[in-house]
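What follows draws every value from the coordinates through simple rules; no lab data is involved. Predicted model only: the values in this text are computed from it and were never measured. So basically every Cβ, Gly included, is an ideal-geometry build from the backbone, and we count neighbours across all protein chains shown.
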Amino acid sequence: MENLAFVIEDDEDLSNIFAEALKAAGFQVETIRDGAIAQKRIKEASPEIIILDMHLPHVDGATLLTQIRSEEHLKETRVLIATADALLGDFYRGDADSVLIKPVSFSQLRDLTARYKRK
Amino acid sequence: MGMIEHPEKTETGVRVEWSKKTLSVSIARVRNSEANQNTGVVAVFRDVTREAELEKMKSTFVGVVSHELRTPLNAIIGYTEMLKESIYGSLNEKQTSVAERIIINTRRLLTMVGDLLDEAQMKAGKLSIKKQVFKTSSLLENMHATMDKITNDKGLYLTDEFDPNMPETIIGDPQRLQQIIVNLVNNSAKFTSKGGIHVCILRKDTSHWKLEVTDTGSGIPENEIPYIFETFRQVENTTTRQHGGSGLGLSIVKQLVELLNGEVTVKSDLDKGSTFTITLPFIAEKDM
C-alpha cells in the first residue's frame, strides 16, 4: 500500500489524534494499540512511517524499535518516537528519525510527517 | 566504662532488606576510654518496613498522577487543535477564537500539573539532577522556541546575549537549566506589560557562570523580595488571579538552583523592572 503509516499507541485518544494528523498529511493510516500485534504487523507490512509510543501493553516500544531497525524490509521506514519523558526521548534520539515529546502538537505532527512522505 | 565513640561518625541510616522487612541500621564502636581500647560494637536495628512502603507508594503515586493527569490534557489539546485546523469542517471566527482559548488554558493547566509534580518531587527529595555535556547556547535557542510566542502575544521583546568568554559546552543538567530559564522568563512576562525581557548568559570568573533575566516590568516592593521564592506566593494576593499560574514558578527556580549548588539573587526597582541573577559553578569533567 502506498503512503502507509502505522500509529502504534495504546491511548485511544492520542492514537486518534496522531492518525488524523497523518491522514491530513496524506497517509493511509493503520492504528495499533498493542505491542504484540505491532510486532506481528511490522513483519508483514512495509509502512513508510511509524509513530511509536514507548509504553505499550505486552511488548514495549524499545523492543519494537530494535526489531524495526533489524528488519531489512523496513530499512527505509521513518520511526518517530512519541514519549512524555524528555530524558527517555534523548536516550532514543540516535535510533529514531525523530523524537516527539508529548504533548505533540497536531499541526506540528502533520507538517513533520508530510515532509517525510515519499510521494 | 564503655563509651560509644564519635557518635557523629557512626554509620547511620543504612537500609537493609531482610526477608519482607526493611530495617535501618546504625552502628558505632564501643570504646573503653580508661583502658584505651575498643571493647565492641553496638548496632541498632529499626524496623522501617512501613516507612519504606509509604515512600515507595508516594513516588509511585506521583508517577501515576503525572501520567494520568497529563494524558487527558494532551488529548484535549489534540482534539481542539483538530477542530481549529478544520479537520472536521471549517469554523467561524468566534469558534476559532474559542478553540484557541481552550488550547491556551489547557496548556496552562499542563504546565501547572508539571510544576506541582516537580514541587512534590523536590519536597520528597526525589528530583534527580543529571550531569551531562551540552552546548551552552542551546539554552537560549530552546528558550526562544518555548517563549517567543508567549512574549510576542503580549507585545514584549525577548532578546538574548551570549558572552563570547563562555565555554561552548559545559557540564550540567540542560533540562533543569532550561526549566529555570523558562520559569524566570514566564515570571517576567507575567509582570511586564510594556518593553520586554533580556536574557544573558555570561562567565563570572574561572569557576562560575551567570544567567541573568532582566525585565522592564512592574518591579517588586523591597519588603516583598524575601518572600517571592516561597511556595504559592505572589506579591499581593489579588494579582494571583490576574496573572494566573500556580505561584510555584519562582519557588521551583530557587529549589532547582540550590540543587545545582548555585544561588539566586534579585534586584528590583518599582515600575522600572527586575533582574534575577543565577550564579552557578562550572562542573569539572572529573566530577561528572
- Query: Sorted from fewest to most neighbouring beta carbons within 10 Å, what does the list B:V64, B:V113 look like?
  - Reply: B:V64, B:V113
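If the viscosity is 1.567 mPa s and the temperature 4 °C, what Stokes-Einstein diffusion coefficient in µm²/s follows for segment A:1-53 when Rh is the Kirkwood radius over Cα pairs?
119
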- Task: At most 12 other Cβ atoms within 10 Å and a DSSP loop assignment: could you name the trypsin sites (Lys or Arg not before Pro) in segment A:56-114 that fit?
- Result: A:K75, A:R93
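Subtracting the Cα-Cα distance from 0.36 nm times the residue separation, let me have the gained length for B:H208 to B:E258 in nm, one decimal.
16.6 nm
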- Item | Sites B:N152 and A:R115 - FRET efficiency at Förster radius 25 Å, r taken between beta-carbons, to 0.05 | 0.50
- So for R0 = 22 Å, FRET eff. of B:S26-B:E55 from the Cβ-Cβ r, to 0.05, ends up at 0.75
- Query: To the nearest 20 debye, what is the magnitude of the charge dipole of segment B:51-123 about its Cα centre, counting +1 on the Cβ of each Lys and Arg and -1 on the Cβ of each Asp and Glu?
  - Reply: 240
- Item | Longest DSSP-loop-exposure-free segment, chymotrypsin sites (Phe, Trp or Tyr not before Pro), chain B, at most 15 other Cβ within 10 Å | B:89-231
- Note on the structure: Square roots of five times the C-alpha gyration tensor eigenvalues of chain A, ordered largest first and given in whole Å, equal 18, 17, 14
- Item | Partner lysines for B:K126 [C-alpha distance under 22 Å; skip if fewer than 8 residues away on the same chain] | B:K56, B:K58, B:K254
- Under 16 Å Cα-Cα from B:K194, which lysines qualify once same-chain neighbours fewer than 8 residues away are excluded? B:K149, B:K154, B:K272
- Message: Among A:S15, A:S70, A:S98, which one shows the highest mean-square fluctuation when chain A is modelled as a Gaussian network with alpha-carbon springs under 10 Å?
- Response: A:S70
- Query: Could you name the lysines in cross-link range of A:K40, using Cα to Cα under 30 Å and dropping any fewer than eight places away on the same chain?
  - Reply: A:K23, A:K75, A:K102, A:K117, A:K119
- Note on the structure: Per the Cα gyration tensor, chain B corresponds to an equivalent ellipsoid with semi-axes, largest first in Å, of 45, 27, 19
- Plugging the Kirkwood radius over Cα pairs into Stokes-Einstein for the protein assembly as shown, at a temperature of 20 °C and a viscosity of 1.002 mPa s, what D comes out in µm²/s? 86
- For A:L64, B:L270, B:L248, order by how many other beta-carbon atoms lie within 10 Å, fewest first: B:L270, B:L248, A:L64
- Any idea how far apart B:Q95 and A:H73 come out in nm if each label point goes 7 Å out from Cα toward Cβ? 4.3
- Message: Counting other beta carbons within 10 Å of each residue's own, what order do A:I50, B:I104 fall into, fewest first?
- Response: B:I104, A:I50
- Task: Choose one of B:T96, B:V14, A:S105: the residue whose Cα lies farthest towards the positive end of the charge dipole of the protein assembly as shown (beta-carbon charges +1 Lys, Arg; -1 Asp, Glu; about the Cα centre).
- Result: B:V14
